[in-house]
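The block underneath contains the structure these notes are about, expressed in structure tokens.
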Protein chains: 2
Amino acid sequence: MIRAMPDDDTTGPGPRRRRGPYAKSAERRREIVEAALHEFSENGFRGATMKAITERIGVTQPLIYSYFSSKEELLTAVLELRDDRGFDISPLDPSRPVESVRALVELMRHNEAHPGIVALHCAIAGEAVTSGHPAHDSFRRRYVDARTRIGAILEACREAGRLREGVDPQRAARIVVAAMDGLQTQWILEPEVEHLGDEFEAFMRTLVDF
Amino acid sequence: MIRAMPDDDTTGPGPRRRRGPYAKSAERRREIVEAALHEFSENGFRGATMKAITERIGVTQPLIYSYFSSKEELLTAVLELRDDRGFDISPLDPSRPVESVRALVELMRHNEAHPGIVALHCAIAGEAVTSGHPAHDSFRRRYVDARTRIGAILEACREAGRLREGVDPQRAARIVVAAMDGLQTQWILEPEVEHLGDEFEAFMRTLVDF
DNA sequence: GTCTATAGCTTGATAGAC
DNA sequence: GTCTATCAAGCTATAGAC
């Protein structure tokens, strides 16, 4: 997300106010985060090294530390980039259940168009199941939130008469969360899974009429 | 799986035959693998250190290297232990589809009784999605095999008239694999998932009449 | 069978010149 | 803003005594 610089006013000619960061600085930062994203995707957080990240963009290690004070802070920036690129279900609204289900399917289609982000998610979420991982709490909250939110949506679908016969909303919510993660993992691991979006939509249609 | 030692005969008193490894040696080995299992469960393979493993059982690092030539070989031994403890679907037989589905549910109940093994599976499978991981190929094959085998079982269920209306066997197989992994992950991360076996059984009953 | 001691390397991170 | 040079700490793994 690009923010306006503090000295963005092009009206005055003289250096009256203290200068903000140059555009080049923001560009470098973006470049570093992008390199880290790829490195984390391919090797996980623990498997990635600062050295490998710098070599991707041809800079030296100390340069990164002038933008991020630690490897962990760099991970935080990478995960924020992921959220900016749409890997987020928090805008889903249970008061519009059918639209929410459609949006969930659209989310998977969006992911299908961004394999790099999916690979990142699988790699970091995978190693974050261990309690000592820097992203552990973040992912645990994410899972709880996803399951709760999807549970509420399915509950609302039932009240709207859109849930298939015999489907339990809370139990189904767990399977939906599992399916979203699991399909993405299988999509990364096996080339046989052709269309993430189609597979997920077909599954959701066994639960909901939307 | 504990195998008989070559000098297991307690009939003769004298050392007539060439001695095999002493019982203590096998016991030490088992102890090391057990310690490694717990360490890998809690920190993953990359996050675990040989030092931490030795400290669990109060021995020194070189001792481990007299049993295993590398950290990676120790991982192999740990994964074999997991298979011995029943984390394996390869005995499932599509020619007996209904029994196979029941066995799959039993497998999850078995896992519920062995949280340590589930934690190990989640941690290692999680970080093994990255292609550079030592267990990557092993887990990739495992996934492909699981999906293929479960697909065949569901196909056989359909022929036996046990598949629910409108369920596509191959697509459902992907979701089943995702559900097995995902439910276990959620069970590790969230205390709210109370019964792994019950959750999985309820899901399978939405697909198959068994 | 187990130890002490340490080699040999890589890691994340810093100091200071330009 | 970027570099060269370097640090202390941590890692896997080995040599050799007992």
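Quick look at the numbers
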{"item": "Cα-derived Rg to Rh of the range B:102-210, Kirkwood definition", "result": "0.99"}
{"item": "Shortest-first distances to equivalent copies, position A:Asp145, nm, label 7 Å out along Cβ", "result": "3.8"}
{"item": "Descending semi-axes in whole angstrom, ellipsoid equivalent of the protein assembly as shown, from the Cα gyration tensor", "result": "42, 35, 16"}
{"item": "Closest approach to the A/B rotation axis among chain A Cβ atoms, residue and whole-Å value", "result": "A:Gly126, 1"}
{"item": "For B:Thr206, net neighbour charge (Lys/Arg +1, Asp/Glu -1) across residues whose Cβ lies under 12 Å away", "result": "-2"}
{"item": "With DNA, RNA and ligands ignored, accessible area of B:Leu63 (1.4 Å probe; Å², nearest 10)", "result": "50"}
{"item": "Cα-based Rg / Dmax (Å) for the range A:86-164", "result": "14.4, 44"}
{"item": "Per principal axis, descending, Cα span of chain B in whole Å", "result": "67, 43, 31"}
{"item": "Charge tally in the Cβ shell below 14 Å around B:Arg158, where Lys, Arg are +1 and Asp, Glu are -1, B:Arg158 excluded", "result": "-2"}
{"item": "Förster-model FRET efficiency, 30 Å R0, B:Arg140 and B:His114, C-beta, rounded to 0.05", "result": "0.80"}
{"item": "Stretch in chain A that is longest and holds no GluC sites (Glu not before Pro) that DSSP places in a loop and that have at most 14 other beta carbons within 10 Å", "result": "A:1-164"}
{"item": "Charge dipole (debye, nearest 20) of the protein assembly as shown; +1 at Cβ of Lys and Arg, -1 at Cβ of Asp and Glu", "result": "1120"}
{"item": "Chain B, dipole about Cα centre (Lys/Arg Cβ +1, Asp/Glu Cβ -1), debye to the nearest 20", "result": "860"}
{"item": "Most mobile of A:Val98, A:Val33, A:Val167 in a GNM of chain A (Cα contacts under 10 Å)", "result": "A:Val167"}
{"item": "Spatially proximal aspartates and glutamates relative to B:Lys51 (Cα-Cα < 18 Å; intrachain offsets below 8 disregarded)", "result": "B:Glu31, B:Glu34, B:Glu39, B:Glu42, B:Glu72, B:Glu73"}
{"item": "Positive-end residue of B:Ala103, B:Ser131, B:Gly197, charge dipole of the range B:97-205 with Cβ unit charges", "result": "B:Ser131"}
{"item": "Spatial extent of the range B:23-80: Rg and Dmax, with the Cα atoms as the point set, Å", "result": "10.2, 32"}
{"item": "Net charge of neighbours whose Cβ lies under 11 Å from the Cβ of B:Val193, counting Lys and Arg as +1 and Asp and Glu as -1", "result": "-3"}
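The values are calculated or read from the model by the stated rules, or taken from the named source; none is laboratory data. From a predicted model like this one, the values you see are computed outputs, not experimental measurements. Cβ: placed from backbone, ideal geometry, glycine included. Neighbour counts: every protein chain shown. Ligands, DNA and RNA are stripped out before the accessible areas are found, and what is left, the full protein with its side chains, is counted by its heavy atoms. Shrake-Rupley method; radii C 1.70, N 1.55, O 1.52, S 1.80 Å.
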